Amino acid sequence: MAYAEQFSFSESISHAVAGFEQSFSTLLANVSSVVVAPEHTVRMALLGLFAQGHVLVEDRPGVGKTLLAKTIAESIEGEFTRVQFTPDLLPSDITGASIYNSTDHSFEFVPGPVFTNVLLADELNRTNPRTQAALLEAMAEGQVTADGVTHRLPEPFMVIATQNTLDSSGTFPLPDTELDRFLVRISIGLPSEEAEMEIILRSEHGNPEVRPVLHVDEVVAMQQVVRAVAVAQPVREYIVKLASSLRSHPSVRGGMSPRGTVQLLRAAQTWAATEGRDFATPGDVQTVVAAVLAHRIHVDDREAGAAEAIVLETVRRVAVPV
């Protein structure tokens with residue numbers, strides 16, 4: 001409780017966080033009733049939603065990536081859009097374009113599929129860098145600029161992008177600027193025998209129906225609750241020391257940007273709220289750090305999981321504030 005004692009919380013904030021925890025638990029249970037995946041993975045995906053971030057899912061085909069994204073959208077009564085990224089996809093196919101209206105001889109902007117609540121960018125790395133870049137403004141600022149006019153995206157807005165880890169032929173590696181826009185990187189993995197039996201049972205008579213348990217307006221309100229979660233100075237210093245130590249690691253060739261540090265703080269705030277606390281602790285930081293930072297660094301070892309291992313090694317080396 002040392003981190004809580006450094007702040008004087010109002011009763012309203014404590015009450016709001018308690019409501020956040022209850023709503024989050026309801027949403028988590030609803031998504032998990034349809035998607036058979038490790039609970040931690042589902043929690044991390046939902047973390048992106050409430051931290052106003054985006055989620056990168058790296059995994060093999062057929063493990064439930066699309067189902068996860070669609071179930072999240074339907075659970076919050078949100079609009080869901082899926083875009084299959086291919087080499088011939090154009091930026092305007094995502095953001096929209098100005099179409100000439102012959103009736104009044106003017107151009108009218110027709111929004112693209114990015115104008116949604118949950119956008120599934122399926123196999124994002126199969127499209128060219130120019131088209132990949134069409135998502136940058138949307139992911140960073142929640143808007144699209146076309147012909148000098150800025151158009152706001154709906155709230156909430158989250159991109160869940162996928163990459164196939166088994167087939168790299170014909171792909172365009174995501175640049176650092178794109179990777180840096182994702183709050184977390186997760187994988188679902190192959191199920192255990194018990195989990196696979198559950199998948200078969202749930203899909204035996206068709207895909208399970210998803211019932212909404214939240215509304216998009218409630219999600220926006222919950223996002224604001226996250227920003228009210230307090231972070232004590234020792235926790236802030238701990239986050240900065242982790243970032244600095246990771247950048248200076250001998251096996252790291254490219255360190256993360258300050259955006260990664262900020263997103264680590266936001267992820268820790270969100271995790272604290274899911275636990276019903278209105279203050280973040282070093283434990284919250286440690287829980288989310290690998291998912292938030294591993295995809296932001298370049299390491300000498302190209303083996304799968306090498307970046308995560310270095311992040312966790314750094315966590316063990318950096319002293320935890322008391």
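The values are calculated or read from the model by the stated rules, or taken from the named source; none is laboratory data. Here the structure is a predicted model, which is why all the values come from computation and not from measurement. Glycine also receives a Cβ, built like all others from the backbone with ideal geometry; neighbour counts cover every protein chain displayed.
Observations
- The set of residues from region 72-130 being in a helix (DSSP H, G or I), charged (D, E, K, R) and either free of Cβ contacts under 8 Å to residues at least 60 places away in the same chain or under 26 Å from VAL149 (Cβ atoms) (or both) comprises ASP93, ARG126, ARG130.
- Number of residues in region 281-322 that are more than 15 Å from GLN269 (Cβ to Cβ) and part of a helix (DSSP H, G or I): the value is 17.
- Residue in region 165-183 that is buried (at least 18 other Cβ atoms within 10 Å of the Cβ), touching a Ser or Thr at 6+ places or on another chain (Cβ under 8 Å), modelled with pLDDT under 95 and among the β-branched types (Val, Ile, Thr) present: no
- Count - residues of region 208-259 that are small (Gly, Ala, Ser), touching a residue at least 40 places away in the same chain (Cβ under 8 Å) and under 30 Å from LEU27 (Cα atoms): 3
Okay, residues lined up against (1) β-branched (Val, Ile, Thr); (2) more than 21 Å from the chain's Cα centre (by Cα); (3) part of a helix (DSSP H, G or I); (4) modelled with pLDDT of 95 or more:
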{"position": "GLY189", "(1), (2), (3), (4)": "no, no, no, no"}
{"position": "GLU198", "(1), (2), (3), (4)": "no, yes, yes, no"}
{"position": "ARG202", "(1), (2), (3), (4)": "no, yes, yes, no"}
{"position": "PRO208", "(1), (2), (3), (4)": "no, yes, no, no"}
{"position": "ASP217", "(1), (2), (3), (4)": "no, no, yes, yes"}
{"position": "VAL226", "(1), (2), (3), (4)": "yes, no, yes, yes"}
{"position": "GLU237", "(1), (2), (3), (4)": "no, yes, yes, yes"}
{"position": "HIS249", "(1), (2), (3), (4)": "no, yes, no, no"}
{"position": "MET256", "(1), (2), (3), (4)": "no, no, no, no"}
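- Restricting the first member to region 24-35 and to residues that are touching a residue at least 60 places away in the same chain (Cβ under 8 Å), and the second to residues that are outside any loop (DSSP other than H, G, I, E, B) and of a type in the set (Asp, Glu), no beta-carbon pair is closer than 6 Å while six or more apart or on different chains.
- Whichever residue in region 1-22 is surrounded by fewer than 18 Cβ atoms within 10 Å (Cβ to Cβ) and among the hydroxyl-bearing types (Ser, Thr, Tyr) and, among such residues, is modelled with the highest pLDDT: SER14
- Extreme residue, surrounded by the fewest Cβ atoms within 10 Å (Cβ to Cβ), among residues of region 50-71 that are part of a strand (DSSP E or B) and either within 8 Å of the chain's Cα centre (by Cα) or free of Cβ contacts under 8 Å to residues at least 60 places away in the same chain (or both): LEU56
- Entry remark, region 243-264: residues being in contact with a strand residue (DSSP E or B) (Cβ under 9 Å, 6 or more places away or on another chain) and either closer than 23 Å to VAL57 by Cβ or buried (at least 21 other Cβ atoms within 10 Å of the Cβ) (or both) number 3 in total.
- Number of positions in region 40-49 that are crowded, with 22+ Cβ neighbours inside 10 Å and among the basic types (Lys, Arg): 0
- Of the residues making up region 238-254, those that are farther than 23 Å from GLN52 by Cα and either of a type outside the set (A, V, I, L, M, F, W, C) or touching a helix residue (DSSP H, G or I) at 6+ places or on another chain (Cβ under 6 Å) (or both) are LYS241, SER244, SER245, LEU246, ARG247, SER248, HIS249, PRO250, SER251, ARG253, GLY254.
- Filter result (among the charged types (D, E, K, R), surrounded by 21 or more Cβ atoms within 10 Å (Cβ to Cβ) and within 22 Å of THR177 (Cβ to Cβ)) within region 265-322: ARG266, ARG296
- Screening ALA37, ALA29 for residues that are buried (at least 16 other Cβ atoms within 10 Å of the Cβ) and either out of contact with any helix residue (DSSP H, G or I) (no Cβ under 9 Å at 6 or more places or on another chain) or assigned to a loop (DSSP other than H, G, I, E, B) (or both) leaves exactly one candidate, ALA37.
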